[in-house]
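One structure is given here, and the rest of the page talks about it.
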Amino acid sequence: MQADLSYYDYWPYHDRPKITWPNGARVAFWVAPNIEFYELMPPANPFRQAWPQPAPAVPGYSIRDYGNRVGHMRQMRLLDKFNIRGSISLSAALCDHHPEIVELCLERDWEFFSHGIYNTRYTYGMSEEQEREMILDSVETIEKHTGRKPAGYLAPALSHSEVTLDLFAEAGGIYTCDLFHDDQPTPIRVRGEQPFISIPYSLEMNDTIAFVVNKIEPRRYGQIIKDNFDRLYAEGSESGTVMCVPTHNYQVACPHRLAAFEEALEYITGHPDVWVTTGREIAEHFLNHYYEAALADIARKNARGR
């Protein structure tokens, strides 16, 4: 077991090469709806239980089913209102279980990135070959149903191994959402040495963390989103920042929660100099314009520190 993460070097936030987003935007803003599929009675995993209730876990399963039946439609209409194209963290099994959702998102030119196959099947305990097979299955399924290979990856239920990012890079991916260490894109070291980056995907802005873990009320959650944006917008005047709001259609799209989220989106999109975009577009822009400069700056600062 590694003593620490070896994917990236220490790279202080200040005094980095300046990032400029398209049209001089200060903030690259993206919304990442997690559109997931959960199994009522999934295969047992010795490292993590899928449900806190005894099987069959009807309450947990049915609220997530509500998300795909009702919540997705409600959230999709809201994102349409503000011309936000979602970047979907997709359980690939949804392509078979609910292809109509995939079709609705394709009509809107939303992005699809991989979130594994089922959100009730974890990376924990898999061999490297088993994890590779799972990643390739998810990538091939998404490509088959959407016509495009996913560029990004978020491990199912945030379950990782020591080689998760290496395997996704080897499958042709270019970015990960699984690292929560920065407010700008950063180069990531993978064993195949392919260009590969992390783009900010915030657990602090994640609606499940807010509502379920931190027990935050909807109105307060909406204000937190605005406060987060204000800070990144101010700092973005010096060098472009990234803000992500990860959502779940069975969380933020519940009737009593949606108004606060709507107000936050109206606030953010009402500002000038905001690039409302997708995860893939952020990753491609950084790779094309700033990746090499970032690597050189990291190497220079590490050499100076030795």
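The values are calculated or read from the model by the stated rules, or taken from the named source; none is laboratory data. Please read all numbers here as calculations on a predicted model, not as lab measurements. Positions of Cβ are backbone-derived with ideal geometry, glycine not excepted, and every protein chain shown enters the neighbour counts. Calculation scope for accessible area: heavy atoms of the full protein, side chains included, ligands and nucleic acids excluded. Shrake-Rupley method; radii C 1.70, N 1.55, O 1.52, S 1.80 Å.
A few remarks follow.
- GNM flexibility winner over the chain from F47, F82, F37 (Cα, springs under 10 Å): F47
- The accessible surface of the chain, taken with every protein chain in place and a 1.4 Å probe, is 50 percent carbon and sulfur.
- With 5 Å bins from 0: P(r) over the range 42-92, alpha-carbon pairs, percent: 5, 15, 18, 19, 16, 11, 9, 6, 1
- Calculated over the range 201-241: convex hull of Cα atoms, volume per residue (Å³): 53 Å³
- Considering the range 104-150, its Cα convex hull presents a mean projected area of 3.5 nm².
- Cβ-defined net charge surrounding A169, 11 Å radius [Lys, Arg +1; Asp, Glu -1]: -1
- Largest to smallest principal axis extent of the C-alpha atoms in the chain, angstrom: 58, 46, 37
- Per-bin percent of Cα-Cα distances, the range 138-198 [5 Å]: 4, 19, 27, 26, 16, 7, 1
- Volume per residue for the range 184-294 equals 120 cubic angstrom (convex hull of Cα atoms).
- A simple packing score, the average count of other Cβ atoms within 10 Å per residue, orders the peptides 110-122, 5-17 as 110-122, 5-17, with the highest score first.
- Between F112 and I88, the built amide H atoms are under 5 Å apart, and every one of these is 5 or more places off in sequence or on another chain.
- Highest-first arrangement of 21-33, 254-266, where packing means the average Cβ count within 10 Å: 21-33, 254-266
- Helix-only arithmetic for the chain: the sum of -39500 (n - 2.57) across DSSP H runs with n ≥ 4, divided by the residue total, places the mean residue ellipticity at 222 nm at -12000 deg cm²/dmol.
- For the chain, DSSP calls about 10 percent of its internal beta bridges antiparallel.
- Solvent-accessible surface of the range 1-108, averaged per residue with a 1.4 angstrom probe and all protein chains in place: 54 square angstrom.
- Gaussian network model of the chain, springs between alpha carbon atoms under 10 Å - residue of E107, E193, E162 with greatest fluctuation: E107
- Shape class for the range 1-86: oblate, because the ratio a/c of the largest to smallest gyration tensor axis (alpha-carbon atoms, square roots of eigenvalues) is 1.5 or more and b/c is at least a/b.
- Using the Cα coordinates of the range 70-191, the gyration tensor eigenvalues translate into equivalent-ellipsoid semi-axes of 25, 17, 13 Å, sorted from longest to shortest.
- With 5 Å bins from 0: P(r) over the range 64-116, alpha-carbon pairs, percent: 5, 18, 32, 31, 12, 2
- Normalised by the number of residues in the range 72-198, the mean separation of alpha-carbon contacts (under 8 Å, six or more apart) gives a relative contact order of 21 percent.
- Per residue, the accessible area of the range 126-248 comes to 41 Å², computed with a 1.4 Å probe over protein heavy atoms only.
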